[in-house]
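See structure below.
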Amino acid sequence: MELLRKLDLDVLAVQEAKLYNSGGMAEATGKALEMDWELAPSGSHGCHLVTFVRRGRVSFRGFVPDAAEGKFHHTLSRASLVSEESGWRFDLFNTHLAPFNPDDRSSEVGWVTEFGTADDVIIAGDLNGMWPGDAEPENWDWLPVNLHSRHRRINPDGTYGPSNRDAQAKLRHAGFSDPVTSLGYPWGATVGHWSASENYPMRFDHILPSAGCSGRLRGWKIIRTPNVCRLSDHLPVVADFSLST
């Protein structure tokens, strides 16, 4: 809560919000941050999604907790939002792609690729895979062999090849812009600092504007300090968008 208060966010998209569907967790977080919220229950592992908006700055016009109609391993939420200062209306897809199978992730993104050329759409979430253009690991010796199926492409002969980035490639081709590889912001890892079994620095967490609003992006960064690295296995990503075109 201390970190999030310091960031003073207008919109916050949270994944793996475990226990937030009971015990007043979502309410308490909203109160502590002075933000309104909507929760999207996950279909697996209790990894719910919560979208928070800054009261007095951004308002919900609508909210769909399961925009993919039960087809995601977790879920895909869609928040229709409006800036109370400028009147800018935009849709935020908050998501967490399937953790175990790249083919599942590739199928899931089909629910949002149609919005890649839209004027005012943003995707935020844990995409559980590397973005096209991010450096390929020199080798995969760091990853236990029983986890290779989560991340690597399988060759016709049954051996494993490079990382499978089909889901991310579909998003890029559809028109969504990656602030690092498309817009020139500096690269940084969001995972790899936490787990002994998956300790390679990679960038799994993204904020992706559609083609029509990538020009609004004014800043992008990953929050990484020793204290923040102790809070979670994924580091927070922050983007700044202009309220005027």
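The values are calculated or read from the model by the stated rules, or taken from the named source; none is laboratory data. Bear in mind that the values here come from a model prediction, so they are computed numbers and not experimental data. Here the Cβ is made from the backbone with ideal geometry for all residues, glycine too, and neighbour counts use every protein chain on show. To get the accessible areas, we keep the full protein, side chains included, count just its heavy atoms, and leave off ligands, DNA and RNA. Shrake-Rupley method; radii C 1.70, N 1.55, O 1.52, S 1.80 Å.
Below, the figures for the structure above:
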quantity	calculated
Per-pair calculated FRET efficiency, R0 = 45 Å: D157 and L4 via Cβ, rounded to 0.05	0.40
Centroid-to-centroid separation of segment 109-158 and segment 72-93 [C-alpha atoms, Å]	23
Tally of Lys pairs whose C-alpha atoms are under 27 Å apart, taken over the chain, 8 or more apart or cross-chain	9
About the Cα centre, charge dipole magnitude for segment 44-144 (Lys/Arg +1, Asp/Glu -1 at Cβ), debye	660
Size of charge dipole - the chain - debye, nearest 20, with Cβ of Lys, Arg +1 and Asp, Glu -1, no other charges	360
Trypsin sites (Lys or Arg not before Pro) within segment 130-234: DSSP coil, no more than 10 neighbouring Cβ in 10 Å	R230
Loop-located GluC sites (Glu not before Pro) in segment 27-57, at most 15 other Cβ atoms within 10 Å (DSSP)	E34
Whole-number percent relative contact order across the chain, with pairs defined as alpha carbons under 8 Å at least 6 apart	15
Mean accessible surface per residue for the chain, computed with a 1.4 Å probe while every protein chain stays in place, in Å²	47
GluC sites (Glu not before Pro) within segment 68-116: DSSP coil, no more than 12 neighbouring Cβ in 10 Å	E69, E85
Three-way shape call for the chain based on the alpha-carbon gyration tensor, with the a/c threshold at 1.5	prolate
Mean Cα-pair separation over length for segment 4-90, i.e. relative contact order, pairs under 8 Å, 6 or more apart, %	26
MRE, 222 nm, helices only [DSSP H, n ≥ 4, -39500 (n - 2.57), over the chain, to nearest 500]	-4000 deg cm²/dmol
